[in-house]
Amino acid sequence: MNKVIRKVVTHASPDMDAITSTWLILRFLPGWENAEVNFVPAGQRLGNLTPEQAVKLTEPIELINGAEVLQVDTGLGPLDHHQTSDKNVCGTSLTFDFIKKSVNEGVLSTEKLEALQRIVNYVVEVDHFKEVFRKDLLANYQNFSITDILDGLKYQHPNDDRYYVEFISLCLDALVHELENNVWAETEIKEKGIEFETKWGKGLGVETINDTVVKMAQLMGYMVVIRKDPRKGYVRIKAKPDLEGEKGIDLTLTSEKLKKMDPNASWFLHVSKKMLLNGTPKNPKMKPTTLSLNAIIGVLKEV
């Protein structure tokens, strides 16, 4: 039985749109995980079709010289977007739509689909230069994006298209896991979160194995967040950091009360007074507390 040859074709010096489209196919389109990646000059394509003929294609997979070929972000085919002025579409969004139609229902989890959609939304944004509408455009953290990493790779490894695809694909592999975790954390907060009032403002307590809920809840504006790990019993309390010159939250009194209530547990108050830990993967010798989440919430409501 002859092995099916499959190729993904995109343009040289690939940008985030070209790379993410390719990554989606290699990672999520059944049977395409080992497809060969080829590069052509921007706007061109494999095969003998003219641009006018390519625009009329309805099926993304072409048979060219005995190989199944998907051409993304170049060549004016079904997975290219340079024939439309729609600024909400790019090669990545077209590729993702094609993959969703090609994958059996249930193969990709709800969290995975949402994580991938967030990546697609980001690529659409940067492919149409919409990052100019972000806040704090010149802030240092803006330079730590995956697009800036790609730009740096092109200075570091000039004309190495295959390397760009491989490196950024590894980043996207990690990113999709992080975004899945974020989606899960958002669900945990919505379904399991216990809101409470403190003298500093709103607090949130959640019993979950997902530590990302702490970061997510802080980003949502909660002043104090408690996470209790139901498996190990460990507790993590984090408070909102201070703005310059601000005298904000101090967890010292909370720490003292919890130590009195459960002296056998290990409690570590960070020097900032914004983080109180009872157990951490960094120190497996710490003893978990026997206090319930509601008991700890009660302390924070009273201090």
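Each value in this text was obtained by applying a stated rule to the coordinates, not by laboratory testing. Please read these numbers as outputs of a predicted model, since none were measured by experiment. Note: ideal-geometry Cβ built from the backbone for every residue, glycine included; neighbour counts use all protein chains shown.
Applying the Karplus relation 6.51 cos²θ - 1.76 cosθ + 1.60 with θ = phi - 60° to the stretch 276-281 yields 3J(HN,Hα) values of 10, 10, 10, x, 7, x Hz, where x marks Gly and Pro.
Scanning residues 5 or more positions from Glu207 or on other chains, those with amide H under 5 Å from its amide H are Lys228, with H placed 1.01 Å from N in the peptide plane. Tell me the relative contact order for the chain as a rounded percent, counting alpha carbon contacts under 8 Å between residues six or more apart. This gives 12 percent for the chain.
For the pair Thr252 and Lys190 in one chain, pulling the backbone fully straight at 0.36 nm per residue adds 19.4 nm over the alpha carbon distance.
For the set Lys101/Lys154; Lys192/Lys282; Lys232/Lys274; Lys87/Lys135; Lys215/Lys247, the pairs lying more than 28 angstrom apart at their alpha carbons are Lys101/Lys154. Per-residue ellipticity at 222 nm computed for the chain from its helices equals -12500 deg cm²/dmol, with DSSP H segments shorter than 4 residues left out and the rest contributing -39,500 (n - 2.57). For Thr198, the residues whose modelled amide H falls within less than 5 Å of its own, excluding neighbours fewer than 5 places apart on the same chain, are Gly203.
Can you give the % of DSSP beta bridges in the chain that are antiparallel, to the nearest 5? Write down the numbers at each step before the final one.
Working: 20 of 35 bridges.
Counting DSSP beta bridges with both partners in the chain, the antiparallel share is about 55 percent.
Specify the residue with the greatest mean-square fluctuation among Met261, Met223, Met16, computed from a Gaussian network of the chain linking alpha-carbon atoms under 10 Å apart. Residue with maximal mean-square fluctuation among Met261, Met223, Met16: Met261. Highest mobility in the GNM of the chain, judged by mean-square fluctuation with C-alpha springs under 10 Å and restricted to Phe96, Phe133, Phe167, is found for Phe133. In summary, the convex hull built on the alpha carbon positions of the stretch 193-302 has an orientation-averaged projected area of 6.5 nm².
What the Cα convex hull of the stretch 6-182 gives, in volume per residue, is 122 Å³.
Between Arg162 and Gln117, 0.36 nm times their residue separation minus their Cα-Cα distance comes to what?
Length gained, Arg162 through Gln117: 13.7 nm.
Projecting each Cα onto the charge dipole of the chain (Lys/Arg +1, Asp/Glu -1 at the beta carbon, about the Cα centre), which of Met286, Thr92, Gly203 comes out farthest on the positive side? With unit charges placed on the Cβ atoms, the residue in question is Met286. Separation of the stretch 196-255 and the stretch 41-60, taken as the distance between their Cα centroids, equals 54 angstrom.
For the pair Thr50 and Thr280 in one chain, pulling the backbone fully straight at 0.36 nm per residue adds 76.7 nm over the alpha carbon distance. Taking amide H positions as modeled 1.01 Å from N, with prolines and chain starts lacking one, the residues under 5 Å from Val40 and 5 or more places away or on another chain are Thr10, His11, Ala12. The HN-Hα couplings worked out from phi for the stretch 99-112 by the Karplus form 6.51 cos²θ - 1.76 cosθ + 1.60 (θ = phi - 60°) are 5, 4, 6, 9, 9, 4, 4, x, 5, 9, 5, 4, 5, 5 Hz, whole numbers, x standing for Gly and Pro.
In summary, the aspartates and glutamates within cross-link reach of Lys7, defined as a Cα separation below 12 angstrom excluding same-chain residues under 8 places away, comprise Glu33, Glu36, Glu62, Glu68. Phi angles of the stretch 215-232 translate, via the Karplus equation with coefficients 6.51, -1.76, 1.60 and θ = phi - 60°, into HN-Hα couplings of 4, 5, 5, 5, 5, 7, x, 5, 6, 9, 10, 10, 10, 10, 7, x, 7, 9 Hz per residue; Gly and Pro are given as x.
The relative contact order of the stretch 6-182 comes to 26 percent, based on Cα pairs under 8 Å that sit 6 or more residues apart.
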